[in-house]
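Take this structure first; my questions come after.
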Amino acid sequence: RGLQLRSQSSGINAEYGDLEFIEKHVSTNQADQSVMNAMAAATSYNILVTVVNPNPATITLPHDLGNAAQEYLEPFLGQLKGLASFTYQTQVVRYVTLPQRPMEQGDGFYITESSLPHLITPIESKLGTSTSNDINLIVFLVEPAFSPLSIKRSDGSLQDLATFLSPQFGAVLLYSTKDKERVDGREVFGILLPQLKQLLGLRASNNSRITAREHFLLRSRTALSHILRSIDTLNSLISLVDSIPNMVIGDHIAEQIARSIAGIEQACNFLEA
């Protein structure tokens, strides 16, 4: 069923680029990097903010990301009210090292882009049990001896910011500690919140404000994802029933199916309104 999307609350009509963007995020056949980076649409998310200190003997910077999360993360999540429920936690993990020894270049150091996936596995092992609804925001403290640290791309250029996304996991910031007196929460969340926007399925941007159009895109993506998931579930049930001759469907199951179909129709009508 084709949908002509319109935001009832803001009066925003979806432009072609918006519809194409939403279609990418609800399609199961897309290999677009932004789609692979984004978490699956869900009714709830848990955001885990983790400070990784690879060597507490040499990195003694004080940090208070608990208060920083309250000051910067909570207002950001407040903009997403009604889309999903969000919780967050902060913690410290120690003794996880970089995947390769940083190499010197000019006045700083770098590690290669290709080595970054090897940093995620040891961090994950320290995080303990996780679910598909967990979004990780990692602040990896870089030892002063290797600061400032950059990420070198495959073409030999250096990234402006030492941060990267790990698909279906979260965002990692390599925080250089040289000449720092403390971990600056404003600086940290100023970098990680735009990354969080991408993890939630929005386009890359340089700020943490959620615009009316972005809010509309998130609502549409979430609604369509749940609609398609419901349709897939009903189709699977139909296939099961068709595969078992003379299968008896109880009245309560039939009622639930009818409610599901009515809910799907209602959601589609709302998106078209």
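Read-outs throughout are calculated quantities, based only on the coordinates presented, and are distinct from any laboratory measurement. These numbers come from a predicted model, not from an experiment. Note that we place each Cβ from the backbone using ideal geometry, even for glycine, and neighbour counts take in every protein chain shown.
Pop a pseudo-label 7 angstrom from the Cα along the beta-carbon direction at both Leu228 and Ala84 and give the gap in nm to one decimal.
Taking the two extended label points, one gets 1.5 nm.
Also: What angle do you read, to the nearest 10 degrees and between 0 and 90, between the alpha-carbon axis of helix 16-26 and the longest principal axis of the chain?
90
From the Cα trace of the chain, what convex hull volume per residue do you get, rounded to a whole Å³?
Dividing the Cα hull volume of the chain by its residues yields 162 Å³.
Follow-up question, since we're still on this one. Over the chain, what is the relative contact order in percent, taking alpha-carbon pairs closer than 8 angstrom and at least six residues apart?
The normalised contact order for the chain reaches 25 percent.
Find how many whole Å separate the alpha carbon centroid of the stretch 215-273 from the alpha carbon centroid of the stretch 156-181.
41
Another question, if that's okay. May I ask for the net charge around Asn136, where only other residues with Cβ less than 13 Å from the Cβ of Asn136 are counted and Lys, Arg are +1 while Asp, Glu are -1?
Once positives and negatives cancel, what remains is -1.
How much net charge surrounds Ser205 when only other residues with a Cβ under 12 Å from its Cβ are counted (Lys, Arg +1; Asp, Glu -1)?
Summing Lys/Arg as +1 and Asp/Glu as -1 gives +3.
Rounded to the nearest 500, what is the 222 nm mean residue ellipticity of the chain from helices alone, with -39500 (n - 2.57) per DSSP H run of 4+ residues and division by all residues?
Counting only the DSSP helices, I get -12000 deg cm²/dmol.
Something else about it: Provide, as a two-decimal number, the C-alpha radius of gyration of the stretch 87-219 over 2.2 N^0.38 Å, N being how many residues it has.
1.10
Next up: Using only Cα atoms and rounding to the nearest 10 degrees, what angle (0 to 90) does helix 251-272 make with the longest principal axis of the chain?
70
Could you tell me which residue out of Thr90, Cys268, Ser115 lies farthest along the dipole of the chain toward its positive end? Charges go on the beta carbon: Lys and Arg +1, Asp and Glu -1, centred on the Cα centre.
Result: Thr90.
OK, next. Could you work out the mean projected area of the convex hull around the alpha carbons of the stretch 32-71, in square nanometres to one decimal?
For the stretch 32-71, averaging the hull's shadow over all directions gives 5.0 nm².
Using the Karplus equation 6.51 cos²θ - 1.76 cosθ + 1.60 (θ = phi - 60°), what ³J(HN,Hα) coupling, rounded to whole Hz, does each residue of the stretch 230-244 give in order, writing x for Gly and Pro?
With coefficients 6.51, -1.76 and 1.60, one gets 5, 5, 4, 5, 5, 5, 5, 5, 4, 4, 5, 4, 5, 7, 10 Hz.
What is the P(r) of the stretch 50-154, as percent of Cα-Cα pairs per 5 Å bin from 0?
In whole percents, the pair-distance histogram is 2, 10, 18, 18, 19, 15, 11, 5, 2, 0.
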